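Bear in mind that the values in this text are calculations on the coordinates, not laboratory data. For clarity, every value in this text was computed on a predicted model and none was experimentally measured. Don't worry about glycine lacking a Cβ; one is built from the backbone with ideal geometry, like all the others, and counts go over all protein chains shown.
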Amino acid sequence: AHPEQVRRVLIFDWDVHHGQGTQEIFWSDPNVLYISAHRIDEDGSFYPGSGSAAEVGEGCGQGYTVNVPLPAGYGDACLWAVCAEVVLPAARRFRPDII
């Protein structure tokens, strides 16, 4: 893709750990929708201890960070549900130029 054609980017990060570095980079950017599905423990003890659903970005980027905390032992069915119920609807609303 050519940079001049890419204005809106969707990043979907799914693995056991929250992508706090990526989240921090795009925290205030309304042109990047960052969605992270990851394990999080209620007491915050699972590394890195970030990624609660309340973390949604700030300023112009508020609402462009979406964290989907998952319980220990989540599996494929849970991730498919995240895709169907969170990622696809968010992508349709955001209309990214690239994913």
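Remarks
- Most positive-pole-ward Cα, Phe94, Leu79, Ile35, against dipole of the chain from beta carbon charges: Phe94
- Taking every alpha-carbon pair under 8 Å whose residues sit at least 6 apart, the chain reaches a relative contact order of 33 percent.
- Likely footprinting exposure, His2, His18, His38, fewest C-beta neighbours within 10 Å first: His2, His38, His18
- Test item: Cα-centred dipole of the stretch 3-94, Lys/Arg +1 and Asp/Glu -1 on Cβ, debye: 420 debye
- For Cα Rg over 2.2 N^0.38 Å, the value calculated from this model appears in (i) 1.28; (ii) 1.07; (iii) 1.40 under label (ii).
- Within-11-Å neighbourhood charge of Cys78 [Cβ basis; K, R +1; D, E -1]: -1
- Between Val6 and Tyr74, the contour length at 0.36 nm per residue exceeds the alpha carbon distance by 21.1 nm.
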